[in-house]
Structures are given as structure tokens and as C-alpha cells.
Amino acid sequence: MKNLPSRKSPLGARMKKLALALAGTAAIASLPLSTAPVQAQSAAPAAEAGAQPVRTVNGKPMNMIFVLVDDLRFDAMGFLTPGLNTPNIDYLASHGTYFPNAVVTSSLCSPSRATILTGQTARNHGVIDNTNSSEKGLTFFPSYLQQAGYQTGFFGKWHMGDANADPRPGFDRWVSFQGQGTYFPTERLSPEEIAAGKRQQLNVDGVEVNRKKYITTELTDYALDWLKERDTKQPFFLYLSHKAVHSDPTPEESHKGEYADLAVDLPESWADTPRNNEGKPMWVRNQRNSWHGADFPYHTDEPLPEYIRRYYETLGSVDDSLGRILAYLRTNKLDRSTMIVFYSDNGFLFGDHGLIDKRNAYEPSVRVPMVVWAPEIVPEGKTVPNLVRNLDLAPTFLDLAGVAEPEQMEGKSFLSLAEGRTAPENWNAGDFVYEYYWDWQFPQTPTTFAIERDGWKYIQYHGIWDTEELYNVAQDPEELHNRIEDPAQLDRKNELRAALYADLANQRGKHDIPYTQRASKGLVLRHKDGHRAADFPSEWYAEPNLPGKMNDLYPDTEAKIEADRKGERYVPDRRGH
């Protein structure tokens, strides 16, 4: 069984192996879609000069490349997973700085991408699901880079707003597709349509163009062509947003079967055992037999290890793409003046807690891979253990360009941390707050709120009858031991409850629960021979007419816990004790 590295000691036994691996790494080179108009803000508010000057190399501003992978698990890289071949990703890590504790504030494609682009949380940018959340009024950070003299290009999956592929504000070059897109040009087309010459399409600067290649390769072609054609007198920002490795991962022919013989170790918590189920919410145990469950993954009978092998094979083309970009930078002597940030919009569960995919607040869902490579300013072969969020990306890119963080952004530039100007022990990003809003299309996962502070994670759910969760993720990174009913953690539980509520207030000071219009019952199927509904916690079953039957209407206190222990009625005093 595969275990998660500890948050407390990212350079534990497993990370020491990582360090050795890095040191030796060699350089190698679905649904019908709307066509409604986009309503994003057309221009960014004027940006002020940044507190830090623009980073320059030989007197010129640094270039930036942001490589975003879709649903890439935090450890799905060769230097972390034996047998996985990702030489170019490994090269970035061994010659740049690796962030093992990068996280996302919402683990779902559209909300996470909106956070990356706006520097705002879902409760403020309003993009809460993958269907029809509006982009109206949002400003995307590349607009500020344009004001600072950067040429900007977007290539790949946008997957926000009304799911159309029209060009968005902030980009001089635009190549995208509707919604999730497809891996191959003829995918989802009938034999008759293919024979007639129909192909899936890309929107290239507002013009629909037939696709010709595997999506990862074709997007990279467009990105490199733009780099070759751009004005070399100006710095550039390139946003390469891959479809890979989103479900259903389909590898390019050159990588197909590459991991047919790879041994895949599933996480310890994948096993459906009393130990793993102890303290887990009912919705988690119920989701095991669902679209996002390990026992009925995407409503198929494919063994999970087989899916993971295809996932790894699909990642191969992403690594090839990165190799082509690195080769271009070296050939054109741009490798010393360019920063690359390698990231993922979400994490991914490989059966952890009986779940697959993402959306929940567990570690494999919220943690993502992150490597920063910039030979002129970022230390080589360094690991920075601090928690960094997708919320922090926009302020960081602006910081590199010498642009001050706009007022509406909520993140914090980690540039000084990446450069080594700020020591890890002096970095304070504050609480990590997570939010996910129930999606009627995938009703298995409830509205989820979580907060992490000082190595402890507290999770609560909205609108369902289920337990809360409290984990010491520093010592229990696999989140196997729910401490929510531990009397010793009473003060911590109450502190985190209060902090979470305070932190979740939006910019208007409200605690809104957004939702979208429902159009069907969603993907509710369960395997006919699979698990039936989970039971309530045994301690929730009680005799009738107990004296303390109303005790839990009142806030948790030591006095109430003592009354519960004695089987007595509890009434708080005027101080609430």
C-alpha cells in the first residue's frame, strides 16, 4: 500500500529519496456546450508600480511560462513515483525549486482555474461549478501583464463561464476549445462525420479551425509557433493549459502501453476495512459505490490500477511538451531569462478513502504538484516545505513583472520564498481555507468547507446529516484518525470552527451558499452488486427520553462533555459554559 508523505516533515524518508533522485536527474531535453457571449471585464483597472522592481536579466524583463496540467496528483512525477518516466518534469525539479505542499482552495476545474486567473476565492469570483458560472465582472491577471508591456498567449483548456471557446480579455494570442475538449480530433464523432471530413475544432483568435493532432501535441505546436512569431523586443507570458490528464485519460500512440507492466500500489486507505472506515462520514463510505468511487469508477468495471496506468501514459505527452519548450528556450538563449511554473488545477485520488477524482478536502484532492524553474533567480535543487495556494499564483506572476497586487486579489506572492529571499520559517501565508459547493450533476460530494492551521485540518459539511472531521495532518497525513470527538481537542475544534466561519465570509461580509439551476437528477447510479448505504455512527444511536437529549443544541464545552458522560441534562450558564 502507498502512503502519503507527512506535511510536518516533507523531507522525511521518502523525501530524502526524492532529494537523491533530484540530484541525479539528467537534463532531457461532455455535455452540450453553450455558445453564449463571454462577459468578462474587457480591460483591467490601471495597475500601479509594484513594491519590488521588475525582475530583469541583461536589462530585460523576465519571461514567464505557466504550464497547467489537469487533475495531476501531487506525487505523479517520476522523481516521486518509481517507474514513472517524466524526465523533463524531473529536470525542472532538480534544477529549480520544488513545493511539496502546494494546494488549491477549490478542487474542481472551473473554480480552481478562476482562482488562478483572478487571484480570488470561489466565494468571491463566483465560478462554483463546471457548467454555467458567469465570468461577468472578473479581471484576469494577464490583463495587468499586458499593461506592463508583456505579450500574452493562452493555449488550451479554459473551461470556465458559459463553456464557449471565444477569446478572453488579457490575451494577445488565443487558442482554445469548448469545455473539456477531446484528446483526438475525431473523438466523439460518428463514422459518417469522420468520412465527411468533420473534426473537433479549436478557436484560434476567434476563428474555428479543424484539429489535426493529439491535443497535447497540437497545443504545444501552437504555443511554440507563437513564441517564434512574437515581437522579440517585448517580454512574454505563455499560459499552456493542458487537457491531460483529465478523465478519461487517453494516451498518445507513442506512449500507449508504456506502463503495461508497471506495478501500481494503491493507497492504504483504499481498502474497505473497519479501520479505514472508522470515523469517516457516511457520504464518504457511500461514495465508494458511485461515479467517483473506487468500487464503481466512472460507472465502469475497469480495475483502478489499469486506469492509473493510462493516466501515467497520458502524462507522457505532457512531459514531451515540456521538453520541447525547454529545447526552444535553450536554442534561443532564453533559458536564463524565463521562469517556468509547473502546476495542476486539482489533485486526484487513486482510491484514497475509497474515492477517486477530486472535489473533497482530503490531502490527495487538495495537494497538487508544483515546481518553479528560473535559473537566474530561483535556487537549483531546493525543496520549500511551505504551503502555497493556487490563490497565490496571480500575485506572484505580477510581482515578477513589477506590478503591485490589485486590491481585489486575496493571495500573496511567493516570489521571495521561491527566490530564497524569504526563509521558510519567516513565511506566513495564514490559514489554508478550502471550499467546494455541491454540484447536482455529481451529487455524491456535499458542500465542503475546511481549514488548516498549525498542522491540523478541520472539515465540515453543509446541508447533510453527517459527522465533522479533524485530523492532525502533520502526524496523520493519510487522514486515517478522525479526532473530532477527542475531548483533548475540544479547544482546537472550537477554535477552528470559529476561524473557518470568519474566513469564509466573502468580500461583502456575507456567508452565501451559491448554487446553479438543476436540469436532471445527475449521475446517481450505484453498482447493483456493490455496497448498500452506510450506517450512522454507532454512538448516534440512543435510548428514548434521555435527560441529555437536547444537549447538542448548545456549543461544545467541557461542562457539556461532562454532562454527556454522566448522562445528565446540560444547560449553559450565562457565560455559555
Output the residues belonging to region 359-392 that are within 12 Å of the chain's Cα centre (by Cα) and among the aliphatic types (A, V, I, L, M). 361, 366, 368, 370, 388, 391
Given (1) within 11 Å of residue 156 (Cα to Cα); (2) crowded, with 20+ Cβ neighbours inside 10 Å, number of the condition residue 170 does not satisfy: (1)
Name the single residue, out of those in region 448-495 being β-branched (Val, Ile, Thr) and farther than 16 Å from residue 363 by Cβ, that is surrounded by the fewest Cβ atoms within 10 Å (Cβ to Cβ). 464
Any residue that is in contact with a helix residue (DSSP H, G or I) (Cβ under 7 Å, 6 or more places away or on another chain) and hydrophobic (A, V, I, L, M, F, W, C) - is there at least one of those in region 270-281? yes
In region 177-197, what count of residues is obtained for those that are touching a Leu at 6+ places or on another chain (Cβ under 6 Å) and not in a strand (DSSP E or B)? 2
Can residue 359 be described as in a loop (DSSP other than H, G, I, E, B), touching a His at 6+ places or on another chain (Cβ under 8 Å) and either at pLDDT 95 or above or under 30 Å from residue 282 (Cα atoms) (or both)? yes
Confirm whether residue 208 is open to solvent by 70 Å² or more (accessible area, probe 1.4 Å), over 17 Å from residue 339 (Cα atoms) and assigned to a strand (DSSP E or B). yes
Based on this model, can you work out whether residue 392 counts as open to solvent by 10 Å² or more (accessible area, probe 1.4 Å), in a helix (DSSP H, G or I) and not basic (Lys, Arg)? no
All positions within region 551-577 that are open to solvent by 100 Å² or more (accessible area, probe 1.4 Å), closer than 27 Å to residue 280 by Cβ and not acidic (Asp, Glu): 553, 565
Within region 286-335, restricting to residues that are among the aromatic types (Phe, Trp, Tyr) and farther than 13 Å from residue 249 by Cβ, the one that is most open to solvent (accessible area, probe 1.4 Å) is 291
Tell me, which residue of region 185-205 that is within 30 Å of the chain's Cα centre (by Cα) and over 19 Å from residue 252 (Cβ atoms) is surrounded by the fewest Cβ atoms within 10 Å (Cβ to Cβ)? 205
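The values are calculated or read from the model by the stated rules, or taken from the named source; none is laboratory data. Note that the coordinates shown come from a computational prediction; the quantities given were computed from them, not determined experimentally. Note that each Cβ is placed from the backbone with ideal geometry, even for glycine, and that neighbours are counted across all protein chains shown. The protein model used for the area step is the full one, side chains on, heavy atoms only, and it has no ligands, DNA or RNA in it. Shrake-Rupley method; radii C 1.70, N 1.55, O 1.52, S 1.80 Å.
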